[in-house]
Amino acid sequence: MQIPVDIISGFLGAGKTTLLQKLLNECYKNQKIFLLENEFGQVGIDGALLAEQNVEMKEIYSGCICCSLKGDFTQVLLETLEQVKPQRIIIEPTGVGKLSEILAILRQDILKDKLTADNIITVIDAQKALMYLKNFGEFFKDQIRHAQTLMLSKTKDINWQEIQDLIQALKPLNTSAQWVTTPWNELTGSQILRARTPITTYMTTHLPPIIKLPGLQNPGGYSTKTYHHHQHSLSCGCHPSGQSHKQTPLATDTFQSWSWENPKKFSPEAIQKIVTSLPEEKKYGQILRAKGIVPGENAWIHFEYVSGNWDIVAGTPQPTGRAVVIGIDLQEEQLNQLFEA
Ligand SMILES: Nc1nc2c(ncn2[C@@H]2O[C@H](COP(=O)(O)OP(=O)(O)OP(=O)(O)O)[C@@H](O)[C@H]2O)c(=O)[nH]1
(Lines give C-alpha, C1' and ligand atoms only; values in the text may rest on other atoms or scores of the structure.)
Protein backbone atom coordinates (compact mmCIF):
# COMPACT_ATOMS: atom_id res chain seq x y z
CA MET A 1 0.00 0.00 0.00
CA GLN A 2 1.30 3.45 -0.90
CA ILE A 3 1.25 5.99 1.92
CA PRO A 4 -0.22 9.38 0.94
CA VAL A 5 2.12 12.35 1.24
CA ASP A 6 1.03 15.96 1.61
CA ILE A 7 3.51 18.75 0.96
CA ILE A 8 2.82 22.24 2.32
CA SER A 9 5.18 24.43 0.34
CA GLY A 10 5.53 28.21 0.17
CA PHE A 11 8.09 30.98 0.44
CA LEU A 12 9.48 32.30 3.75
CA GLY A 13 6.70 33.30 6.14
CA ALA A 14 3.89 32.56 3.67
CA GLY A 15 1.79 30.72 6.24
CA LYS A 16 2.77 27.04 5.86
CA THR A 17 2.82 26.28 9.59
CA THR A 18 -0.45 28.17 10.09
CA LEU A 19 -2.14 26.08 7.40
CA LEU A 20 -0.61 22.90 8.76
CA GLN A 21 -2.05 23.60 12.20
CA LYS A 22 -5.49 24.13 10.67
CA LEU A 23 -5.36 20.90 8.66
CA LEU A 24 -4.09 18.88 11.62
CA ASN A 25 -6.86 20.24 13.84
CA GLU A 26 -9.69 19.98 11.38
CA CYS A 27 -8.90 17.14 8.97
CA TYR A 28 -6.38 14.72 10.33
CA LYS A 29 -7.36 14.18 13.94
CA ASN A 30 -8.19 10.51 13.40
CA GLN A 31 -5.24 9.57 11.23
CA LYS A 32 -1.80 8.43 12.30
CA ILE A 33 0.19 11.32 10.88
CA PHE A 34 3.94 11.66 10.59
CA LEU A 35 5.05 15.26 10.25
CA LEU A 36 8.41 16.14 8.73
CA GLU A 37 9.50 19.72 9.45
CA ASN A 38 12.46 21.19 7.61
CA GLU A 39 14.08 24.33 9.02
CA PHE A 40 16.66 26.30 7.09
CA GLY A 41 18.26 27.63 10.27
CA GLN A 42 20.05 25.66 12.94
CA VAL A 43 17.32 25.91 15.53
CA GLY A 44 13.73 24.80 15.18
CA ILE A 45 10.86 27.14 15.97
CA ASP A 46 8.01 25.52 14.04
CA GLY A 47 8.49 22.21 15.85
CA ALA A 48 7.81 24.00 19.13
CA LEU A 49 4.65 25.55 17.67
CA LEU A 50 3.44 22.17 16.41
CA ALA A 51 4.40 20.19 19.51
CA GLU A 52 0.91 20.53 20.96
CA GLN A 53 -0.59 18.78 17.95
CA ASN A 54 0.19 15.34 19.37
CA VAL A 55 1.50 13.92 16.11
CA GLU A 56 4.75 12.10 15.57
CA MET A 57 7.24 14.61 14.19
CA LYS A 58 10.82 14.85 13.00
CA GLU A 59 12.65 18.10 12.46
CA ILE A 60 15.50 18.33 9.99
CA TYR A 61 17.59 21.46 10.48
CA SER A 62 20.39 23.39 8.85
CA GLY A 63 19.55 23.42 5.17
CA CYS A 64 16.98 22.21 2.67
CA ILE A 65 15.70 18.65 2.22
CA CYS A 66 15.63 19.33 -1.52
CA CYS A 67 19.39 19.77 -1.77
CA SER A 68 21.98 19.74 1.00
CA LEU A 69 19.86 17.43 3.20
CA LYS A 70 18.29 15.17 0.60
CA GLY A 71 20.13 12.14 1.96
CA ASP A 72 18.78 12.83 5.45
CA PHE A 73 15.32 13.34 3.97
CA THR A 74 15.35 10.01 2.15
CA GLN A 75 16.65 8.24 5.23
CA VAL A 76 13.96 9.75 7.47
CA LEU A 77 11.23 8.69 5.02
CA LEU A 78 12.53 5.13 4.80
CA GLU A 79 12.86 4.79 8.57
CA THR A 80 9.44 6.34 9.13
CA LEU A 81 7.78 3.88 6.78
CA GLU A 82 9.56 1.00 8.50
CA GLN A 83 9.24 2.04 12.13
CA VAL A 84 6.32 4.47 12.49
CA LYS A 85 4.01 3.03 9.84
CA PRO A 86 1.97 6.23 9.49
CA GLN A 87 -1.29 6.52 7.56
CA ARG A 88 -0.12 9.82 6.08
CA ILE A 89 3.11 11.81 5.89
CA ILE A 90 3.00 15.61 5.83
CA ILE A 91 6.10 17.53 4.79
CA GLU A 92 6.72 21.21 5.47
CA PRO A 93 9.83 22.21 3.51
CA THR A 94 11.77 25.40 4.19
CA GLY A 95 10.58 28.58 2.52
CA VAL A 96 13.52 28.38 0.13
CA GLY A 97 13.02 24.71 -0.70
CA LYS A 98 12.34 23.69 -4.30
CA LEU A 99 9.10 21.77 -4.65
CA SER A 100 10.19 20.11 -7.90
CA GLU A 101 13.26 18.67 -6.19
CA ILE A 102 11.22 17.33 -3.29
CA LEU A 103 8.79 15.65 -5.69
CA ALA A 104 11.73 14.18 -7.58
CA ILE A 105 13.11 12.73 -4.35
CA LEU A 106 9.75 11.08 -3.61
CA ARG A 107 9.88 9.54 -7.07
CA GLN A 108 13.25 7.86 -6.65
CA ASP A 109 13.14 4.08 -7.22
CA ILE A 110 13.72 3.47 -3.54
CA LEU A 111 10.53 5.39 -2.56
CA LYS A 112 8.17 5.62 -5.50
CA ASP A 113 6.29 2.37 -4.80
CA LYS A 114 5.96 3.18 -1.12
CA LEU A 115 4.65 6.76 -1.28
CA THR A 116 2.09 8.62 -3.34
CA ALA A 117 1.66 12.39 -3.64
CA ASP A 118 -1.75 13.39 -2.29
CA ASN A 119 -2.10 17.10 -1.48
CA ILE A 120 0.58 19.33 -2.97
CA ILE A 121 -0.20 22.81 -1.70
CA THR A 122 1.78 26.01 -2.12
CA VAL A 123 0.92 28.91 0.16
CA ILE A 124 1.50 32.36 -1.37
CA ASP A 125 1.75 35.50 0.75
CA ALA A 126 -0.60 37.77 -1.20
CA GLN A 127 1.02 40.89 0.26
CA LYS A 128 4.60 40.00 -0.66
CA ALA A 129 4.16 37.76 -3.71
CA LEU A 130 5.07 40.27 -6.41
CA MET A 131 8.20 41.36 -4.55
CA TYR A 132 9.27 37.72 -4.09
CA LEU A 133 8.48 36.95 -7.73
CA LYS A 134 10.74 39.79 -8.82
CA ASN A 135 13.61 39.19 -6.41
CA PHE A 136 13.58 35.47 -5.66
CA GLY A 137 11.89 34.07 -8.75
CA GLU A 138 14.04 30.94 -8.95
CA PHE A 139 12.50 29.34 -5.85
CA PHE A 140 9.23 31.18 -5.78
CA LYS A 141 8.28 30.15 -9.34
CA ASP A 142 9.29 26.55 -8.77
CA GLN A 143 6.97 26.34 -5.76
CA ILE A 144 4.09 27.71 -7.82
CA ARG A 145 4.75 25.64 -10.96
CA HIS A 146 4.55 22.31 -9.16
CA ALA A 147 1.57 22.88 -6.87
CA GLN A 148 -1.81 21.24 -7.14
CA THR A 149 -3.47 23.92 -4.99
CA LEU A 150 -2.30 27.53 -4.75
CA MET A 151 -3.49 29.15 -1.55
CA LEU A 152 -3.26 32.87 -1.09
CA SER A 153 -2.64 33.90 2.51
CA LYS A 154 -3.10 37.31 4.13
CA THR A 155 -5.87 38.30 1.70
CA LYS A 156 -8.10 39.85 4.34
CA ASP A 157 -6.82 43.40 3.88
CA ILE A 158 -6.40 43.26 0.11
CA ASN A 159 -9.18 44.23 -2.29
CA TRP A 160 -10.47 41.77 -4.86
CA GLN A 161 -8.96 43.71 -7.78
CA GLU A 162 -5.46 43.35 -6.34
CA ILE A 163 -6.05 39.65 -5.78
CA GLN A 164 -7.21 39.26 -9.35
CA ASP A 165 -4.14 41.12 -10.66
CA LEU A 166 -1.89 38.90 -8.59
CA ILE A 167 -3.50 35.74 -9.94
CA GLN A 168 -3.14 37.04 -13.48
CA ALA A 169 0.56 37.64 -12.89
CA LEU A 170 1.13 34.18 -11.44
CA LYS A 171 -1.28 32.06 -13.47
CA PRO A 172 1.03 31.57 -16.49
CA LEU A 173 3.33 29.62 -14.16
CA ASN A 174 0.65 27.03 -13.43
CA THR A 175 -2.53 27.02 -15.44
CA SER A 176 -4.16 23.97 -13.89
CA ALA A 177 -3.77 24.50 -10.14
CA GLN A 178 -6.85 25.38 -8.13
CA TRP A 179 -6.64 28.83 -6.48
CA VAL A 180 -7.93 29.48 -2.97
CA THR A 181 -8.45 33.21 -2.37
CA THR A 182 -10.88 33.27 0.56
CA PRO A 183 -9.36 34.10 3.98
CA TRP A 184 -8.70 30.73 5.60
CA ASN A 185 -10.63 31.43 8.77
CA GLU A 186 -13.76 31.54 6.62
CA LEU A 187 -13.05 28.06 5.25
CA THR A 188 -12.91 24.64 6.86
CA GLY A 189 -9.82 22.48 6.40
CA SER A 190 -11.94 20.03 4.37
CA GLN A 191 -13.00 22.78 1.99
CA ILE A 192 -9.35 23.63 1.43
CA LEU A 193 -8.40 20.02 0.72
CA ARG A 194 -11.42 19.46 -1.53
CA ALA A 195 -10.52 22.53 -3.60
CA ARG A 196 -7.60 20.77 -5.24
CA THR A 197 -7.10 19.90 -8.87
CA PRO A 198 -7.81 16.16 -9.27
CA ILE A 199 -4.61 14.26 -8.49
CA THR A 200 -4.72 12.39 -11.81
CA THR A 201 -4.69 15.68 -13.75
CA TYR A 202 -1.91 16.93 -11.52
CA MET A 203 0.20 13.80 -12.00
CA THR A 204 0.04 14.04 -15.77
CA THR A 205 0.72 17.75 -16.02
CA HIS A 206 3.02 18.70 -13.19
CA LEU A 207 5.19 15.94 -11.85
CA PRO A 208 8.81 16.37 -12.83
CA PRO A 209 10.39 13.49 -14.72
CA ILE A 210 12.01 10.73 -12.72
CA ILE A 211 15.65 11.66 -12.54
CA LYS A 212 18.68 10.12 -10.96
CA LEU A 213 19.67 12.10 -7.92
CA PRO A 214 23.35 11.98 -7.09
CA GLY A 215 24.29 11.10 -3.55
CA LEU A 216 21.13 9.20 -2.65
CA GLN A 217 22.54 5.70 -2.88
CA ASN A 218 24.15 6.13 0.49
CA PRO A 219 21.94 8.53 2.41
CA GLY A 220 23.49 10.13 5.44
CA GLY A 221 22.08 10.01 8.94
CA TYR A 222 19.64 12.44 10.42
CA SER A 223 20.59 15.95 11.30
CA THR A 224 20.25 15.07 14.93
CA LYS A 225 21.99 18.22 16.05
CA THR A 226 19.30 18.90 18.57
CA TYR A 227 20.10 22.29 19.93
CA HIS A 228 23.11 24.30 18.95
CA HIS A 229 24.56 27.04 20.99
CA HIS A 230 25.34 30.57 20.08
CA GLN A 231 25.25 31.78 16.53
CA HIS A 232 25.73 30.18 13.16
CA SER A 233 25.40 31.29 9.61
CA LEU A 234 24.58 29.04 6.70
CA SER A 235 24.26 29.24 2.94
CA CYS A 236 21.54 27.11 1.40
CA GLY A 237 23.35 25.63 -1.57
CA CYS A 238 20.07 24.71 -3.29
CA HIS A 239 20.53 24.01 -6.95
CA PRO A 240 19.08 21.71 -9.58
CA SER A 241 19.97 18.06 -9.17
CA GLY A 242 23.27 17.01 -10.56
CA GLN A 243 24.47 20.55 -11.09
CA SER A 244 27.04 22.33 -9.08
CA HIS A 245 26.90 25.87 -7.83
CA LYS A 246 29.48 26.81 -10.43
CA GLN A 247 27.16 25.65 -13.20
CA THR A 248 24.06 27.30 -11.77
CA PRO A 249 24.87 30.36 -9.72
CA LEU A 250 21.45 31.11 -8.25
CA ALA A 251 20.33 34.06 -6.18
CA THR A 252 19.15 31.51 -3.63
CA ASP A 253 22.73 30.50 -2.95
CA THR A 254 23.06 33.74 -1.07
CA PHE A 255 20.36 33.08 1.54
CA GLN A 256 21.81 32.85 5.00
CA SER A 257 20.49 32.13 8.45
CA TRP A 258 21.52 33.38 11.85
CA SER A 259 20.41 31.29 14.81
CA TRP A 260 20.47 32.12 18.47
CA GLU A 261 19.90 30.14 21.64
CA ASN A 262 20.02 31.94 24.92
CA PRO A 263 18.16 32.04 28.25
CA LYS A 264 18.03 35.86 28.19
CA LYS A 265 14.70 37.31 29.30
CA PHE A 266 12.99 39.99 27.25
CA SER A 267 10.16 42.41 27.82
CA PRO A 268 7.52 42.65 25.06
CA GLU A 269 8.80 46.20 24.46
CA ALA A 270 12.35 44.91 23.91
CA ILE A 271 11.11 42.36 21.38
CA GLN A 272 9.11 45.06 19.65
CA LYS A 273 12.25 47.19 19.45
CA ILE A 274 14.10 44.25 17.86
CA VAL A 275 11.46 43.48 15.22
CA THR A 276 11.07 47.13 14.30
CA SER A 277 14.86 47.39 13.88
CA LEU A 278 15.13 44.43 11.52
CA PRO A 279 14.26 46.43 8.37
CA GLU A 280 17.48 48.46 8.83
CA GLU A 281 19.12 46.78 5.87
CA LYS A 282 22.42 48.65 6.00
CA LYS A 283 22.97 47.53 9.58
CA TYR A 284 21.62 43.97 9.65
CA GLY A 285 21.48 42.85 6.00
CA GLN A 286 18.29 42.18 4.03
CA ILE A 287 16.13 40.30 6.48
CA LEU A 288 13.24 38.37 4.96
CA ARG A 289 12.17 36.27 7.90
CA ALA A 290 12.73 36.14 11.65
CA LYS A 291 10.97 34.16 14.33
CA GLY A 292 11.59 33.20 17.90
CA ILE A 293 10.24 32.07 21.22
CA VAL A 294 11.99 33.70 24.17
CA PRO A 295 11.39 33.95 27.91
CA GLY A 296 9.84 37.12 29.31
CA GLU A 297 9.68 38.37 32.89
CA ASN A 298 6.28 36.79 33.46
CA ALA A 299 5.47 34.79 30.35
CA TRP A 300 7.12 33.49 27.20
CA ILE A 301 7.05 35.65 24.08
CA HIS A 302 6.64 34.39 20.52
CA PHE A 303 7.52 36.76 17.69
CA GLU A 304 7.16 36.51 13.92
CA TYR A 305 8.67 38.84 11.31
CA VAL A 306 8.03 38.60 7.54
CA SER A 307 9.71 41.25 5.35
CA GLY A 308 8.75 44.26 7.44
CA ASN A 309 5.53 42.91 9.00
CA TRP A 310 5.66 41.57 12.53
CA ASP A 311 3.54 40.02 15.22
CA ILE A 312 4.22 39.42 18.92
CA VAL A 313 2.06 36.98 20.87
CA ALA A 314 2.27 34.84 24.02
CA GLY A 315 4.54 31.82 23.70
CA THR A 316 4.77 28.53 25.54
CA PRO A 317 7.83 27.66 27.65
CA GLN A 318 10.68 26.01 25.73
CA PRO A 319 13.89 24.28 26.84
CA THR A 320 15.63 27.60 26.19
CA GLY A 321 15.00 30.83 24.29
CA ARG A 322 15.52 30.63 20.53
CA ALA A 323 15.48 32.92 17.54
CA VAL A 324 16.32 32.55 13.88
CA VAL A 325 16.81 35.16 11.17
CA ILE A 326 16.89 34.40 7.43
CA GLY A 327 17.98 36.81 4.73
CA ILE A 328 20.78 38.02 2.52
CA ASP A 329 24.14 39.46 3.57
CA LEU A 330 23.27 39.02 7.23
CA GLN A 331 25.46 40.99 9.60
CA GLU A 332 25.98 38.47 12.38
CA GLU A 333 27.79 40.73 14.80
CA GLN A 334 25.10 43.37 14.54
CA LEU A 335 22.41 40.74 15.07
CA ASN A 336 24.25 39.42 18.12
CA GLN A 337 24.37 42.91 19.53
CA LEU A 338 20.71 43.51 18.73
CA PHE A 339 19.57 40.44 20.67
CA GLU A 340 22.13 40.61 23.44
CA ALA A 341 22.15 44.35 24.18
N1 LIG B 1 -2.98 38.10 8.59
C2 LIG B 1 -2.57 36.87 8.29
N3 LIG B 1 -1.45 36.41 8.85
C4 LIG B 1 -1.04 35.17 8.53
C5 LIG B 1 -1.76 34.34 7.63
N6 LIG B 1 -1.09 33.18 7.51
C7 LIG B 1 0.00 33.29 8.28
N8 LIG B 1 0.04 34.47 8.90
C9 LIG B 1 1.08 34.99 9.81
O10 LIG B 1 2.31 35.04 9.09
C11 LIG B 1 3.40 34.71 9.94
C12 LIG B 1 4.16 33.54 9.36
O13 LIG B 1 3.28 32.42 9.31
P14 LIG B 1 3.84 30.92 9.32
O15 LIG B 1 2.66 30.01 9.26
O16 LIG B 1 4.82 30.71 10.43
O17 LIG B 1 4.62 30.92 7.95
P18 LIG B 1 5.61 29.77 7.35
O19 LIG B 1 5.36 29.73 5.90
O20 LIG B 1 5.46 28.51 8.11
O21 LIG B 1 7.01 30.47 7.64
P22 LIG B 1 8.51 29.84 7.61
O23 LIG B 1 8.82 29.63 9.04
O24 LIG B 1 9.35 30.91 7.01
O25 LIG B 1 8.48 28.59 6.82
C26 LIG B 1 2.76 34.41 11.30
O27 LIG B 1 2.82 35.59 12.08
C28 LIG B 1 1.33 34.06 10.97
O29 LIG B 1 0.45 34.32 12.04
C30 LIG B 1 -2.98 34.87 7.05
O31 LIG B 1 -3.66 34.24 6.22
N32 LIG B 1 -3.32 36.14 7.42
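The values are calculated or read from the model by the stated rules, or taken from the named source; none is laboratory data. Values in this document were obtained by computation on a predicted structure and should not be read as measured data. Virtual Cβ from ideal backbone geometry, glycine too; neighbours counted across all protein chains shown.
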Exercise for review: With respect to Gln148, determine if the residue is away from the ligand (no atom under 14 Å from the Cβ), more than 17 Å from Glu186 (Cα to Cα), touching a Lys or Arg at 6+ places or on another chain (Cβ under 8 Å) and in the same structural domain as Leu106 (by TED's automatic domain parsing).
Suggested key: yes
Study note, to complete from the structure: Selection from the stretch 151-187 of residues away from the ligand (no atom under 16 Å from the Cβ) and in contact with a helix residue (DSSP H, G or I) (Cβ under 7 Å, 6 or more places away or on another chain) yields Ala169, Leu170, Leu173, Asn174, Ser176
**Study point:** Lone qualifier among Leu193, Leu133, Leu170 - being farther than 23 Å from Phe255 by Cβ and of a type outside the set (Val, Ile, Thr)
**Key:** Leu193
Exercise for review: Filter the stretch 40-69 for residues that are part of a helix (DSSP H, G or I) and not charged (D, E, K, R) and give the result.
Suggested key: Gly47, Ala48, Leu49, Leu50, Ala51, Gln53
**Study point:** Subset of the stretch 134-165 [farther than 17 Å from Gly97 by Cβ and not polar (S, T, N, Q)]
**Key:** Lys134, Leu152, Lys154, Lys156, Asp157, Ile158, Trp160, Glu162, Ile163, Asp165
Practice item. Only one of these is more than 16 Å from the ligand (Cβ to nearest atom) and β-branched (Val, Ile, Thr): Thr316, Thr320. Name it. Key: Thr320
Check your understanding: Could we say that Leu77 is outside the structural domain of Val294 (by TED's automatic domain parsing), crowded, with 20+ Cβ neighbours inside 10 Å and within 12 Å of the ligand (Cβ to nearest atom) here?
Key -> no
Practice item. For Ile65, state whether it is within 14 Å of the ligand (Cβ to nearest atom), within 15 Å of the chain's Cα centre (by Cα), within 21 Å of Leu24 (Cα to Cα) and among the aliphatic types (A, V, I, L, M). Key: no
Review point. Does the stretch 31-47 contain at least one residue that is surrounded by fewer than 21 Cβ atoms within 10 Å (Cβ to Cβ), away from the ligand (no atom under 15 Å from the Cβ) and either more than 18 Å from the chain's Cα centre (by Cα) or among the acidic types (Asp, Glu) (or both)?
Key: yes
Exercise for review: With respect to Val123, determine if the residue is in a loop (DSSP other than H, G, I, E, B) and either over 17 Å from the mean Cα position of the chain (by Cα) or within 16 Å of the ligand (Cβ to nearest atom) (or both).
Suggested key: no
Practice item. Determine if the stretch 249-258 includes at least one residue that is more than 16 Å from the ligand (Cβ to nearest atom), over 23 Å from the mean Cα position of the chain (by Cα), surrounded by fewer than 20 Cβ atoms within 10 Å (Cβ to Cβ) and not assigned by TED's automatic domain parsing to the domain that holds Lys16. Key: no
Check your understanding: For Pro249, are the conditions met, namely being modelled with pLDDT of 95 or more and not in a strand (DSSP E or B)?
Key -> no
Exercise for review: Output the residues belonging to the stretch 1-30 that are within 13 Å of the ligand (Cβ to nearest atom), closer than 22 Å to Gln191 by Cα and outside any strand (DSSP E or B).
Suggested key: Ala14, Gly15, Lys16, Thr17, Thr18, Leu19, Leu20, Gln21, Lys22, Leu23, Leu24
